[in-house]
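First comes the structure, then the notes that go with it.
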There are 2 protein chains.
Amino acid sequence: MKTGFIQFRPVFGDNTGNTQQMLDLIAPHEADLLVLPELANSGYAFTSKDELASIAEPYDNSPTLDALQAVAKEKNCSMVAGFAEKASEGLFNSAALLRPDGSRELYRKLYLYGAENRFFEPGNLPLEVYDTDAARIGMMICFDWFYPECARVLALKGAQVICHSVNFVLPWGQRGAVFTSLWNRVYMVTANRYGEEKRGEFAFTFTGGSQITAANSDVIATAPLDEDAAVVIDIDPALADDKKLNKYNDLFADRRPEFFKDITDV
Amino acid sequence: MKTGFIQFRPVFGDNTGNTQQMLDLIAPHEADLLVLPELANSGYAFTSKDELASIAEPYDNSPTLDALQAVAKEKNCSMVAGFAEKASEGLFNSAALLRPDGSRELYRKLYLYGAENRFFEPGNLPLEVYDTDAARIGMMICFDWFYPECARVLALKGAQVICHSVNFVLPWGQRGAVFTSLWNRVYMVTANRYGEEKRGEFAFTFTGGSQITAANSDVIATAPLDEDAAVVIDIDPALADDKKLNKYNDLFADRRPEFFKDITDV
């Protein structure tokens with residue numbers, strides 16, 4: 001299958017312009033699966049809940065998601081995009097899977113980073129794996145990677161490709177994805193943004209360097225640190241179904257969950 | 001507290017000589033906690049269970065552990081050492097905590113790597129945290145790091161320092177320790193061996209590069225790739241009690257174990 005990422009620099013609050021940026025970057029490419037950054041519709045540096053509420057979009061009635069899904073249909077390509085979501089239960093840092101057939105699936109970031117806690121509600125949906133035409137995918141958003149349990153749950157549920165929409169500001173995420181792939185034998189498609197945002201008390205520099213790691217942990221695609229990028233490569237998602245590290249070790253068959261109960265004690 | 005590691009090249013099957021190598025490397029140093037490699041008494045490349053049985057030592061009657069513990073008492077220094085263990089339940093790839101007061105604690109490697117499965121029984125003891133005079137420590141052995149749940153359980157149980165006795169042959173372990181520290185805000189003391197072992201069908205090259213990562217994930221001590229090394233540095237184990245990544249994120253208080261139940265389903 002052909003999979004890839006779109007890296008760009010959203011303009012804060014310009015949802016229409018940001019959507020057009022994404023469409024322009026997608027246009028020249030054919031793929032089965034494309035991943036777009038976190039908060040791709042809105043930008044990142046919110047300064048109040050009111051501001052976020054005025055910019056966020058409803059999952060079921062989102063101009064950004066609708067525009068992307070029209071292209072998904074046209075190109076027969078599933079897409080995962082991060083977006084600021086306005087729901088009846090509150091405001092969420094979310095990602096949507098948009099399939100060519102018009103269906104979509106929702107994920108809400110479980111682990112909010114930094115001041116996001118002041119504006120967004122923490123995710124309230126389980127980590128799920130979804131079928132697309134070309135692969136079984138799971139979604140994570142940015143800081144979720146700091147909790148290796150997130151990728152583990154998705155891999156245990158059968159994800160072949162983890163679609164990781166991010167706005168990285170910390171220096172470790174790209175290197176960390178190598179270990180997420182290594183330990184779970186899944187592909188990681190990390191779609192980052194780049195550029196700076198300075199608003200109110202906040203100043204963020206996003207790190208670009210979007211990346212794909214293979215199920216064997218090799219970095220098989222990477223983007224520049226501070227430029228638009230659309231990278232599509234061929235991968236074999238079935239390689240993620242083989243959890244054998246060598247002839248003796250099947251990483252999942254070897255698991256010993258009975259020694260891990262402290263992890264799920266609440 | 002002063003903590004460190006001993007890196008050396010065991011000679012296969014020469015338990016007495018290996019013990020003397022360790023004693024010689026320890027002798028010039030003063031420390032509160034020293035970590036020694038996996039299978040430090042025996043070497044690694046066993047070719048049969050009978051051979052392993054003839055070389056392994058009982059936990060409660062081990063010349064190697066007794067000699068190390070005598071030095072632990074003399075120097076008032078706790079030690080963690082990997083050793084081939086012969087027990088009534090079978091043969092284990094184990095580590096022992098040896099305290100200056102003569103008490104000791106046992107851990108048996110949960111995740112056997114490669115052909116180890118042919119010779120050793122998988123560990124049958126829980127991941128536990130133990131008090132020493134200077135810090136609360138947990139033990140892991142080599143391939144256990146491939147399962148991030150191991151370090152997570154130890155950190156959740158209050159470990160400040162994870163004593164990681166290893167015989168690394170894969171290229172990722174040292175870089176992976178950075179993430180173990182980052183995600184859990186614990187110190188990792190990784191004591192590796194170096195050199196080659198070729199026996200029967202096996203040929204291993206061990207990677208040296210023993211390492212200490214701080215609770216903030218910085219690499220604060222490192223050894224050469226292929227030389228004896230004894231490195232002792234000052235650390236503050238209390239830094240591992242603070243799980244705050246920034247003023248908004250306490251990594252452990254933020255955990256959401258209710259989303260992780262697939263990890264402990266058996």
Exercise for the section: Tell me which residues, restricted to the stretch A:19-58, are part of a helix (DSSP H, G or I) and under 21 Å from A:LEU112 (Cβ atoms). Expected result: A:LYS49, A:ASP50, A:GLU51, A:LEU52, A:ALA53, A:SER54, A:ILE55
Exercise for the section: Pick out the one residue from B:PHE168, B:PHE146, B:PHE179, B:PHE202 that is at pLDDT 95 or above, among the hydrophobic types (A, V, I, L, M, F, W, C), out of contact with any strand residue (DSSP E or B) (no Cβ under 8 Å at 6 or more places or on another chain) and more than 20 Å from A:ILE263 (Cα to Cα). Expected result: B:PHE202
Problem - Leading residue by the ranking (farthest from the other protein chains (Cβ to nearest Cβ)) among those in the stretch A:177-209 that are in contact with a Ser or Thr (Cβ under 6 Å, 6 or more places away or on another chain) and not in a strand (DSSP E or B) - result: A:ASN192
Problem - Long-range neighbours under 7 Å by Cβ, at least six apart or interchain, first residue in contact (Cβ under 8 Å) with a residue 24 or more places away in the chain within the stretch A:1-19, second assigned to a loop (DSSP other than H, G, I, E, B) and among the β-branched types (Val, Ile, Thr) - result: A:MET1/A:ILE235; A:THR3/A:ILE235; A:ASN18/A:VAL11
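Could you list, in sequence order, the residues of the stretch B:11-44 that are among the small types (Gly, Ala, Ser) and closer than 24 Å to B:LEU125 by Cα?
Here is the first cut: in the stretch B:11-44, the residues among the small types (Gly, Ala, Ser) are B:13, B:17, B:27, B:31, B:40, B:42-43.
Within the stretch B:11-44, B:ALA40, B:SER42, B:GLY43 qualify.
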Practice task
Those residues that are open to solvent by 50 Å² or more (accessible area, probe 1.4 Å), farther than 16 Å from B:GLY17 by Cβ and either within 15 Å of the chain's Cα centre (by Cα) or in contact (Cβ under 8 Å) with a residue 12 or more places away in the chain (or both), I need them from the stretch B:59-86; list them, please.
Solution key: B:LYS73, B:ASN76, B:LYS86
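For every residue, the table says whether it meets (1) open to solvent by 50 Å² or more (accessible area, probe 1.4 Å); (2) in contact with a Gly (Cβ under 9 Å, 6 or more places away or on another chain).
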| position | (1), (2) |
| --- | --- |
| B:TRP172 | no, no |
| B:ASN192 | no, yes |
| B:ALA203 | yes, no |
| B:ILE212 | no, yes |
| B:ASN216 | yes, no |
| B:ILE220 | yes, no |
| B:ILE235 | no, no |
| B:LEU239 | yes, no |
| B:PHE260 | no, no |
Exercise for the section: All but one of (1) touching a residue at least 40 places away in the same chain (Cβ under 8 Å); (2) within 24 Å of A:ASP32 (Cα to Cα); (3) open to solvent by 70 Å² or more (accessible area, probe 1.4 Å) hold for A:LYS198, so report the exception by its number. Expected result: (2)
Handout entry: In the stretch B:66-123, the residues that are outside any strand (DSSP E or B), within 18 Å of A:ARG256 (Cα to Cα) and more than 14 Å from chain A (Cβ to nearest Cβ)
Key = none
Practice task
Could you list, in sequence order, all residues of the stretch A:130-163 that are surrounded by fewer than 18 Cβ atoms within 10 Å (Cβ to Cβ) and more than 8 Å from chain B (Cβ to nearest Cβ)?
Solution key: A:ASP131, A:ASP133, A:GLY158
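Considering only residues of the stretch A:94-105 that are touching a residue at least 12 places away in the same chain (Cβ under 8 Å) and out of contact with any strand residue (DSSP E or B) (no Cβ under 6 Å at 6 or more places or on another chain), which is most open to solvent (accessible area, probe 1.4 Å)? Reasoning before the result, please.
As a first pass, look at the stretch A:94-105 and keep what is touching a residue at least 12 places away in the same chain (Cβ under 8 Å): A:94-102, A:104-105.
Checking the rest, the ones that are also out of contact with any strand residue (DSSP E or B) (no Cβ under 6 Å at 6 or more places or on another chain) come to A:100-102.
Working: A:PRO100: 20, A:ASP101: 118, A:GLY102: 48 Å².
Per the criteria, the residue is A:ASP101.
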Problem - Pairs where the first residue, in the stretch A:234-263, is of a type outside the set (Gly, Ala, Ser) and the second is open to solvent by 50 Å² or more (accessible area, probe 1.4 Å), C-beta under 6 Å, 6+ apart - result: A:ASP234/A:LYS2; A:TYR248/B:ASN117; A:ASP250/A:LYS244; A:PRO257/B:VAL266; A:GLU258/B:VAL266; A:ASP262/B:LEU156
Exercise for the section: May I ask you to list pairs of residues, at least six apart or on different chains, whose Cβ atoms are under 7 Å apart, with the first in the stretch B:25-47 being open to solvent by less than 30 Å² (accessible area, probe 1.4 Å) and the second being in a loop (DSSP other than H, G, I, E, B) and of a type in the set (Ser, Thr, Tyr)? Expected result: B:LEU33/B:THR132
Exercise for the section: Give the residues of the stretch B:215-266 that are within 14 Å of another protein chain (Cβ to nearest Cβ) and within 19 Å of B:GLN174 (Cα to Cα), sorted by residue number. Expected result: B:ASN216, B:SER217, B:ASP218, B:VAL219
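The values are calculated or read from the model by the stated rules, or taken from the named source; none is laboratory data. Computed from a predicted structure; not experimentally measured. Note that each Cβ is placed from the backbone with ideal geometry, even for glycine, and that neighbours are counted across all protein chains shown. Just the protein is used for accessible areas: all its heavy atoms, side chains included, with ligands, DNA and RNA removed. Shrake-Rupley method; radii C 1.70, N 1.55, O 1.52, S 1.80 Å.
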